[in-house]
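A short worksheet on the structure shown next.
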Amino acid sequence: MITVALSKGRILKQTLPLLKKIGISLVDDPYNSRKLIFSASRDDIQFVIIRATDVPTFVQFGAADLGVVGKDGLMEHGGEGLCELLDLRISQCRLMTAVPRRSENVPRTRKRLRVASKYVRLAQQYYQSQGMQAEVIKLYGAMELAPLVGLADEIVDLVETGNTLRANDLVEKDLIANISCRLIANAASMRTRHQQIAQLVDQLAEVVGSEQ
Ligand code: PRP
C-alpha cells in the first residue's frame, strides 16, 4: 500500500481530475466528508487530505510515501528528506512581493522593511538575497490586509489572477518565483517502493506531458 498526501483547497480541485485521468478516484467524496484517510479505486493506494503546508512534513517523516504540494510549500519547508519527482503543472501562480499602489514607485528607503507573509523562510531569504533587511511577520491568511492597516510595508504572497491584490489596492512588485504543483516522495520510500512509485510517476508524466 502506498499513501499519498494531497493538499486540500484549490490544489485538490485540480489534483483529482489529474488522478482520474490515470484511472484513480477516491471512494468517498472529499468535499462532503470529514474523513482524513481516503480509500481509492485501486486498493494498493490510499490518500490523506491535509493542509498544503503539512504535506512536505508528512512525506519527510514517511507518514506518506508521496505528496502533491505547491513549489511554494516545498521551498518554505526546505526539502529535507524529500525527492521532487515531477512538475504536475497545475495550480500555476507566482510568488510575489506586493505593495500598496500609493507606494508603487517609492524606493524602499526604510532600513528594516516590515513584511507580512506566511512564507517566513522564503521571504527572509529573498530580501537577504537583495541586500535588504526585513523583519518578517508571520500571518496565516489575509496577508493583503497587513499593509492597509499599518502592520507591514509589503507582503510576500501567491498571486494567481491578481484579483485579491486589485480588490485591496495593492500592486505586484518583485517576482520571487513561478509556482506550480509538484509530486514529491519520501527518500526512503523511493528505495523500498520504487516500482510502484515509478509506475505512478510514468503515468502522471504522460498525462501532464500531453496537457502541455
Ligand atoms: C491565495 C493567496 C492570495 C490569493 C491570490 O489565498 O494567498 O490571497 O489566493 O489569488 P488571486 O491572485 O487569484 O486573487 P487563498 O484564497 O488560497 O487563501 P489563503 O489566504 O487561505 O491561502
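The values are calculated or read from the model by the stated rules, or taken from the named source; none is laboratory data. Every value quoted in this text rests on a predicted model; they were computed, and no experiment measured them. Here Cβ is always computed from backbone atoms with ideal geometry, including for glycine, and neighbour counts include all displayed protein chains.
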Determine if segment 72-84 includes at least one residue that is within 29 Å of ASN168 (Cα to Cα), within 15 Å of the ligand (Cβ to nearest atom) and in contact with a Phe, Trp or Tyr (Cβ under 7 Å, 6 or more places away or on another chain). yes
Check every one of the strands (runs of 3 or more DSSP E) wholly within segment 10-82 and list those with 3 or more residues that are buried (at least 18 other Cβ atoms within 10 Å of the Cβ). 45-50, 66-70
Pick from ASP202, ASP157: which is assigned by TED's automatic domain parsing to the domain that holds GLN60, at pLDDT 95 or above and closer than 30 Å to PHE47 by Cβ? ASP202
Yes or no: segment 188-200 includes at least one residue that is surrounded by 12 or more Cβ atoms within 10 Å (Cβ to Cβ) and under 30 Å from ARG110 (Cα atoms). no
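Take the residues of segment 28-76 that are among the polar types (S, T, N, Q) and within 17 Å of the chain's Cα centre (by Cα): which is nearest to ILE90 (Cα to Cα)? Even if it seems obvious, please write down each step before you answer.
Step one: list which residues in segment 28-76 are among the polar types (S, T, N, Q), which gives 32-33, 39, 41, 46, 53, 57, 60.
Cutting the leftovers down to within 17 Å of the chain's Cα centre (by Cα) gives us 53, 57, 60.
On the way: THR53: 17, THR57: 21, GLN60: 22 Å.
Checking each candidate, the answer is THR53.
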